[in-house]
Amino acid sequence: MLLKSIRYLSSLAAATTCMTIAASPLPDLPEPVSNNAVASTTVRGKTYIVSFMGIGQGKQQTDIHNKVFMHTVGEFGWRAMPDVPSQQRLNGRIAASAVALNNNFFIFGGFAVNADGSEQTAQDSYRFDPVTQRYTKLNDIPVPIDDAVALTYQNRYIYIISGWSDHGNVNLVQLFDNYTQRWSQATPFPGKPVFGHAAAMVDNKMLVCDGVALEHFADKKREYVSEPACYLGEVGNNANVIDWRKVPHPTGTARYRMAGINTVVDGKAVMAFIGGTTNPYNYNGIGYNTVASEPDNSVWLFSPSEKRWLNAADTLPVMDLRGLVVIDGEVYSVGGMTDKQQVSNKLINHQIKLQ
């Protein structure tokens, strides 16, 4: 009888544990937002997820904002944080980049859209402390940038790679040293300058893929053209020196505004690329070709140790991403656009599995 009671209590405890886990997913954002810069960090045992700026569900110029929402994992809901400061006339930004470093969040670039549709790339950058909830202005990035990618290295450096600057793409790799608070230039990006690309970094290796390049013609205006290309960069003893090598593209078809992150799959460190679309657009989800863009559901996995692509199972489709977060070993997108260009308030758990 005692043995039966012990078995019953054990099974009840296990069931309760399963129900608790199933009943405690990451909560939805307070409101739908896309093209938002996202990152996560852990400070003194608390894990924070932050969504910086972006565009609301109307997807119009007036829906671009500088709102900030922060969630502490294990607590209820999200809290509104102070807005991201701005030196521009318009405060709202999209296409900014955010990373976590030394228990703080760093926000770089992005662009504002004027009432006449013209765009202005932001130069000012900030550090945000999730504990004090205060911003500190950083030294301005040498070349203002938006729709770039940002990667961290050695818990000290931040690389800002390629992207758009007011009137065109740049091939720069701008390096911020958090120890000295100074900017410098690293080895330039070797491919066509692009915007809306994605990247991930494992140890001293970074992989940058896809985006949109500018194509110029003799008899018509320039066009935005998808660029299916991936480059693997390896950092040596000097953080400013990157040995770039081209790697085969996984599909031959470029994706735009997907997001990359480093994670572990079956005990192997990999670079994961999730979401995006094969039809580039500006900010409302309607392509430059006037065709509505739809999100992709495929996952690309690259093993830097083997220098090869791995076969991965598909995930839920989402696009218009500016980053991903890993929480308890699980990869999440935060907001973005889902089917039919719907701006989402969901945190999607992307199950990364080998096939």
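Numbers below:
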| read-out | value |
| --- | --- |
| Test: residue in the range 329-340 that is within 30 Å of N204 (Cβ to Cβ), in contact with a strand residue (DSSP E or B) (Cβ under 7 Å, 6 or more places away or on another chain) and free of Cβ contacts under 8 Å to residues at least 40 places away in the same chain | yes |
| Any hit, the range 63-80, residues being touching a strand residue (DSSP E or B) at 6+ places or on another chain (Cβ under 6 Å), surrounded by 20 or more Cβ atoms within 10 Å (Cβ to Cβ) and assigned to a helix (DSSP H, G or I) | yes |
| Some residue of the range 97-114 being within 17 Å of I158 (Cα to Cα) and among the β-branched types (V, I, T) | yes |
| Hits in the range 38-50 (condition: farther than 22 Å from Y281 by Cα, outside any loop (DSSP other than H, G, I, E, B) and not basic (K, R)) | A39, S40, T41, T42, V43, T47, Y48, I49, V50 |
| Residues within the range 250-281 that are part of a loop (DSSP other than H, G, I, E, B), surrounded by fewer than 16 Cβ atoms within 10 Å (Cβ to Cβ) and modelled with pLDDT of 95 or more, tallied | 3 |
| Any hit, the range 215-231, residues being touching a Phe, Trp or Tyr at 6+ places or on another chain (Cβ under 7 Å), among the β-branched types (V, I, T) and modelled with pLDDT of 95 or more | no |
| In the range 27-54, the residues that are among the β-branched types (V, I, T), crowded, with 23+ Cβ neighbours inside 10 Å and out of contact with any Pro (no Cβ under 9 Å at 6 or more places or on another chain) | V33, V38, I49 |
| Meets criteria (out of contact with any helix residue (DSSP H, G or I) (no Cβ under 9 Å at 6 or more places or on another chain), more than 20 Å from K192 (Cα to Cα) and either modelled with pLDDT under 95 or exposed (fewer than 14 other Cβ atoms within 10 Å of the Cβ) (or both)) for D243 | no |
| Residue match in the range 143-165 (condition: over 28 Å from V212 (Cα atoms), surrounded by fewer than 23 Cβ atoms within 10 Å (Cβ to Cβ), touching a strand residue (DSSP E or B) at 6+ places or on another chain (Cβ under 6 Å) and not polar (S, T, N, Q)) | no |
| Scope the range 58-88; condition touching a His at 6+ places or on another chain (Cβ under 9 Å) and either farther than 26 Å from Q342 by Cα or touching a residue at least 40 places away in the same chain (Cβ under 8 Å) (or both); matching residues | G77, W78 |
| Residue check for V225: in contact with a strand residue (DSSP E or B) (Cβ under 7 Å, 6 or more places away or on another chain) and closer than 29 Å to Q154 by Cα | no |
| Matching residues in the range 81-93 - criterion: being surrounded by fewer than 16 Cβ atoms within 10 Å (Cβ to Cβ) and within 30 Å of D328 (Cβ to Cβ) | P82, D83 |
| Selection count, the range 288-319, where residues are crowded, with 18+ Cβ neighbours inside 10 Å and assigned to a strand (DSSP E or B) | 8 |
| Candidate set from the range 231-242 (those that are part of a strand (DSSP E or B) and in contact (Cβ under 8 Å) with a residue 40 or more places away in the chain); member that is nearest to N279 (Cα to Cα) | Y231 |
| Tabulated pairs, the range 37-57, first in contact (Cβ under 8 Å) with a residue 12 or more places away in the chain, second part of a loop (DSSP other than H, G, I, E, B) and among the aromatic types (F, W, Y), C-beta under 7 angstrom, 6+ apart or interchain | I55/Y283 |
| Strands (runs of 3 or more DSSP E) fully within the range 108-211 counting 2 or more residues that are of a type outside the set (A, V, I, L, M, F, W, C) | 119-121, 126-129, 134-137, 149-153, 157-161, 173-177, 182-186 |
| Search result, residues across the range 278-333 that are within 17 Å of K353 (Cα to Cα), more than 16 Å from the chain's Cα centre (by Cα) and small (G, A, S) | S298, S303, A312, A313, G329 |
| Within the range 166-199, considering residues that are of a type in the set (G, A, S) and within 29 Å of Y283 (Cα to Cα), the one surrounded by the most Cβ atoms within 10 Å (Cβ to Cβ) | G196 |
| The range 320-342, residues that are in a strand (DSSP E or B) and either at pLDDT below 95 or not small (G, A, S) (or both) | V325, V326, I327, E330, V331, Y332, V334, M337, T338, Q342 |
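The values are calculated or read from the model by the stated rules, or taken from the named source; none is laboratory data. If you're wondering where the values come from, they're calculated on a predicted model, not measured in any experiment. Quick reminder, even Gly has a Cβ in these numbers, built from the backbone with ideal geometry, and neighbours come from all protein chains shown.
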